[in-house]
Amino acid sequence: MLRLLDPGGRADRVVPEGARSLRMYTCAPPADRPARLGDLRPHLLADLVRRVCERHRLRVVLHRVAGDPGGLHGTGSGASGGLHDGAPGKTGGSCDGAPGETGGAPGETGGALGAGGSSVREDVPSHEEAFRADATALNLRPPEHSPRGSEAAALLAEMAVVSEALPPAGGHVLLSSPEETVLLEAVAPGAARRPVRSAPLRFEGGTAGGSAGAGVSLGDVAAAGLDPLAVRLALLGHRHREPVDLTWDALRAADRALRRRRARVAEWSESPSRPMPAERVARIEAAFDDDLDTPLALRLLDEMEGDESLAPGSRFEAFLHLDQVLGLDLPLDIGRPRTLPPGADELLERRRSARESGDQTACDLLTRELAGLGVEVADTPQGQSWTVR
């Protein structure tokens, strides 16, 4: 079963023994601005928790609070302030009105969360739709419930409480931005909601999310010719508690690795099926369960990919099975004609010219550059040939 570290460094199960259901609560980015890569990281965290729990046959219900305009997200990203007498156990707001839960009635906004309804801008729906499109592009499972922020004010207040920290003198409770939080609630007697947060994400040393506004969006990644799931893969290479400084070079490397893995899966699909290597798969699943250690899981996956002693059909079955958690669309290229990645055509032509002119040094450099794109080149009496891995 999935265990996540608490603030004291102790690994706790996300649900107690015997519980079979989990509720999760997340908050969409503010609807009055475009979503940035930093806004998407908490939702990837929630998606990983969901996928790992579902692998253990838990029923998971996601409530994603929609981003109302006009400040309904609370105090804003990175801000702090006072929430008097607002201990987490007393706010208790619920998105779904489940029996036994208490909280603000629909329409109550209350306190620092502001009042809604009067500041809706014409461009707000486009930002909300763009965020939903981003979530789809990142293979985030859709929510079962999507209440408006104005309908879940008490819940937003609870998500904003930094419960890991002790209240400072005077009884004030520190606040964070609610969209940074994933609330987990096991459906079991006496179970309390538990906040989990991912560390900040920056891009090229600058901000990639938050109210600063100057950041990179998933649309920018796609416009650069990269698969949006390269962002997911790049973030899977870091523990969710670690701050990440993404770069364009890192995203390009993730895009190449993603294309390479898909090409290998497509290649293996042409071989007879074989049982998965059970011990190797179990080690990767154990990494998922250990505080979502996705970097270790990816390293073990790479080792399995490169182990030619394993039958292709065995690796094929393992990669498809593990992709149910990774969410990288690894079977995407099965049945597709193999095409060159962007830029490879030009490199192949330059290599052909270098070979014809006898420039072996340039030929070798271009061969390595093509290999970085997942293109293997061989020289034959008929000329150079290539395959996409």
* To do: Would you mind estimating how fast the stretch 181-273 diffuses translationally, via Stokes-Einstein at 4 °C and 1.567 mPa s with the Kirkwood radius over Cα pairs, in µm²/s?
  => 82 µm²/s
* To do: Please state the charge dipole magnitude for the stretch 344-388, taken about the Cα centre, from unit charges on C-beta atoms (+1 on K and R, -1 on D and E), reported in debye and rounded to the nearest 20.
  => 60 debye
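Read-outs: derived from the displayed coordinates by stated rules, not from any lab. All values reported here derive from a predicted model rather than from experimental measurement. Cβ sites come from the backbone with ideal geometry, for glycine too, and all protein chains shown count toward neighbours.
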